[in-house]
Structures are given as structure tokens and as C-alpha cells.
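I have placed the structure first, in the form of C-alpha cells, so that the comments after it can refer back to it.
The values are calculated or read from the model by the stated rules, or taken from the named source; none is laboratory data. Everything quoted here is computed from the prediction, not taken from an experiment. Quick reminder, even Gly has a Cβ in these numbers, built from the backbone with ideal geometry, and neighbours come from all protein chains shown.
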Amino acid sequence: MSDFYNKILERNKKWVEESLALDPNYFQDLAKGQAPPLLWIGCSDSRVPANEIIGAKPGETFVHRNIANMVIHSDMNMLSVLDYAVNVLKVKHVLVCGHYGCGGIMAAMKNDSVGIIDNWIRHIKDVYRLNHKELDAIEDETERFNRFVEINVIEQVCDLAKTSIVQSAWKKGQELSLHGWVYGLNSGYVTDLNVNFSCDKDLDDVYQLKF
């Protein structure tokens, strides 16, 4: 076994011992079930750990991660997580959190092929195409990159609101709010983009489903 592999096994043992030292029933209580108030949809980037960013304990945050925190209406993985979170766990908040310096967003701004991920990045390119006038008007490349990160999060929150899962919950009177953040890798702080939905009234009529 490699040194790294053995090291992470040892880290697990140390974590268990430290957790039990603080609370002897820690894992027994966790095993009884979960009732998190939040579903976090974030980027797969290893530098963006959901629980640590918001100071949440295990059991407080249900998490789905993919490249560039995308909400794609045909992604059965994401939809399954969303459905379970909303209809079984009854989360009250769904948060899309992007991050500045996102490699997926950067790749979508370029034309280089990077392999099979090109097919995923195409969805991000669609977001650029829909917002190209605002983005192309930003001369500074870093500022344009950062703004694209923000716009992508806003678009994904809107796409969440368009799903039948979320709209069905709203029609039933279920308390459910959607939010968008961007995390700063170089600061640790999040930026609240003030894009929030708690009903379908802010969606274009064509997206409002009737049940």
C-alpha cells in the first residue's frame, strides 16, 4: 500500500477517536437517521468542502457535487438527489454554490478540447451564449471570468425552480427556498448573489407547471 493510502486510514482512526472523546454516542446518534435542512449543490473541486464552509456538522447538509455545480434537467443523478432531498428528507433550502477560479467555467470560456468532459462543458457554454452580451462587454479577463461564475450560479438556481420536483413541492404548500452563492477560494467567504426563489411566480409563464 502507498504511504498516502495508509495515511488516510490512520486519519480515519484518529477522527473516530477524537469524535468519540468529545461525545461517546456521536456515531450511534448519527446512525439513527438524518433530517438535514439544506441540500447543497456544489462543484466537485476538492477545495470547496460544503460542510466546512458553513460550519455544518455531519447530518446537517445533504450534498450533490458535479463539475461547475450544474443543474441539468436531464441529469438523473442530480434529479434523484433533488427528489430525495425535497420529497423524503423535506429540506427547506436548496443552495447552489459556485466558486471563483472554477476550472469548468474557465474551460467553457475557451475552445480547447479536454476530452469527454467537453460534453458536460457544453451546458456551461450555453449559459455563456445566453449572456454573451454582458460578458463580452467586460474587457478585463479576470472580471469576465468572475462574472461568468456568478451568472452560471444564477442560471442554475433558475433551472432548479423550473424542475417539476421543486414546483410540485411549492404547489403542495411545502416550505422550500432556493438560493445562489459564490465561494471565494482566496478568502473563505461566500458572496450571496441575492437570487432567491420560494415560489414559481418569478418564472416566465412558459415554465410554470400546472398540476
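Values for this structure:
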read-out: So P24, is it free of Cβ contacts under 8 Å to residues at least 12 places away in the same chain and under 11 Å from the mean Cα position of the chain (by Cα); value: no
read-out: Among the candidates K162, K210, K171, K201, residue that is more than 21 Å from the chain's Cα centre (by Cα), farther than 22 Å from N51 by Cα and at pLDDT 95 or above; value: K171
read-out: Any hit, segment 113-121, residues being in a helix (DSSP H, G or I), of a type in the set (D, E, K, R) and free of Cβ contacts under 8 Å to residues at least 12 places away in the same chain; value: yes
read-out: Test: residue in segment 80-103 that is loosely packed, with under 14 Cβ neighbours inside 10 Å, without any contact (Cβ under 8 Å) to a residue 12 or more places away in the chain, farther than 18 Å from D45 by Cα and under 15 Å from the mean Cα position of the chain (by Cα); value: yes
read-out: Exclusive hit being in contact (Cβ under 8 Å) with a residue 60 or more places away in the chain and surrounded by 14 or more Cβ atoms within 10 Å (Cβ to Cβ), set V195, V153; value: V153
read-out: Residues of segment 32-56 that turn out to be out of contact with any His (no Cβ under 9 Å at 6 or more places or on another chain), touching a residue at least 12 places away in the same chain (Cβ under 8 Å) and assigned to a loop (DSSP other than H, G, I, E, B), as a count; value: 5
read-out: Residue list for segment 1-23, filter: outside any helix (DSSP H, G or I) and either over 16 Å from P58 (Cβ atoms) or not acidic (D, E) (or both); value: M1, S2
